[in-house]
Amino acid sequence: MLELQNISYTVGDKRILRDVNLRIEDRFVAITGPNGSGKSTLAKLVTGILTPTEGRILMDGVDITDWSVTERARSGVSFAFQQPVRFKGITVKDLISLAAGKNTNISEACNYLSEVGLCAKDYINREVNASLSGGELKRIEIAMINARGTKLSVFDEPEAGIDLWSFNNLIKVFENMYERTRGTIMIISHQERILNIADKIVVLANGAVAEYDTKERVFPKLMDVQAGCRYTKNA
């Protein structure tokens, strides 16, 4: 279980997040809201890339507020960036093995790649460098997080750059990931079809939580234009 207690984050005189309180323990939790509302910042605070200016972050009751990225990764937290990182000199198989924490064989690595819609034989020995498109890197990163199988997996706009890949397949990957790990999958997204699979939806606006409830309660509001304007102006 992830718990954020009175989390704020300030850069200079600009407060990006203010007094965020969340208790997250469901399978799929979607984070959405207008651009600039603090979604990616929240993800980076959860994964240890950033440290909150105020407040505490707890994982299974343990205070991890001051833990480094490495410490959080070892404790079972994964993060898929909005813009995946390139690794010159490292092959796709190497990356999947590093993520899995073991020397995965060709068959295992191919299974992870096939699950995200990549022809494994075309990618298994390729370097994770500039020769790969943004969409290819995105899928490889999702395969890597899947191979890690952690209790908390955070995805920042996982649908970006994979237009030619069926959203049904992407959703199936998340469902299979949950079946393997029984952990929480936190997804930052504007995409209706991804929001629609969430157990709960968090709406951020102007750096604060405007809504946090079940999909059945929040999703209809998100589909209403007037509600969307309200989040942008008043939260």
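From ALA80, ALA147, ALA99, ALA120, which residue is within 18 Å of the chain's Cα centre (by Cα) and farther than 30 Å from LEU17 by Cβ?
The match here is ALA147.
When you look at GLY76, is it surrounded by fewer than 16 Cβ atoms within 10 Å (Cβ to Cβ), touching a residue at least 40 places away in the same chain (Cβ under 8 Å) and on the phi > 0 side of the Ramachandran plot, yes or no?
no
Being more than 20 Å from the chain's Cα centre (by Cα), at negative phi and either of a type outside the set (A, V, I, L, M) or surrounded by fewer than 15 Cβ atoms within 10 Å (Cβ to Cβ) (or both) narrows it down to one residue among THR104, THR47, THR70, THR51; which is it?
From the options THR104, THR47, THR70, THR51, the qualifying one is THR104.
Would you please name the residue that is nearest to GLY183 (Cα to Cα), looking only at residues in the stretch 69-108 that are part of a strand (DSSP E or B) and of a type outside the set (Gly, Ala, Ser)?
VAL77
For residues that are over 12 Å from LEU4 (Cβ atoms) and either part of a loop (DSSP other than H, G, I, E, B) or not β-branched (Val, Ile, Thr) (or both), tally how many sit in the stretch 39-68.
13
Against the conditions (1) of a type in the set (S, T, N, Q); (2) at pLDDT below 85; (3) in contact with a strand residue (DSSP E or B) (Cβ under 9 Å, 6 or more places away or on another chain); (4) over 15 Å from ILE142 (Cα atoms), where does GLN83 fall short? Just the number, please.
Looking at each condition in turn, GLN83 falls short on (4).
Could you tell me whether any residue of the stretch 130-148 is hydroxyl-bearing (Ser, Thr, Tyr) and over 26 Å from GLY38 (Cα atoms)?
Yes, the stretch 130-148 contains at least one residue that is hydroxyl-bearing (Ser, Thr, Tyr) and over 26 Å from GLY38 (Cα atoms).
With respect to the numbered conditions (1) farther than 19 Å from SER189 by Cα; (2) in contact with a Lys or Arg (Cβ under 8 Å, 6 or more places away or on another chain); (3) crowded, with 17+ Cβ neighbours inside 10 Å, which one is the sole condition not fulfilled by ALA30?
Evaluating ALA30 over (1) farther than 19 Å from SER189 by Cα; (2) in contact with a Lys or Arg (Cβ under 8 Å, 6 or more places away or on another chain); (3) crowded, with 17+ Cβ neighbours inside 10 Å leaves (1) as the failure.
From GLU211, GLU136, grab the single residue that is free of Cβ contacts under 8 Å to residues at least 40 places away in the same chain, buried (at least 18 other Cβ atoms within 10 Å of the Cβ) and within 30 Å of GLU54 (Cβ to Cβ).
None of the others qualify; the one that does is GLU211.
If I go through the stretch 109-127 residue by residue, how many of them are farther than 21 Å from ALA160 by Cα and in a loop (DSSP other than H, G, I, E, B)?
3
The values are calculated or read from the model by the stated rules, or taken from the named source; none is laboratory data. Note that the structure is predicted; figures quoted are calculated from it, not measured. Cβ sites come from the backbone with ideal geometry, for glycine too, and all protein chains shown count toward neighbours.
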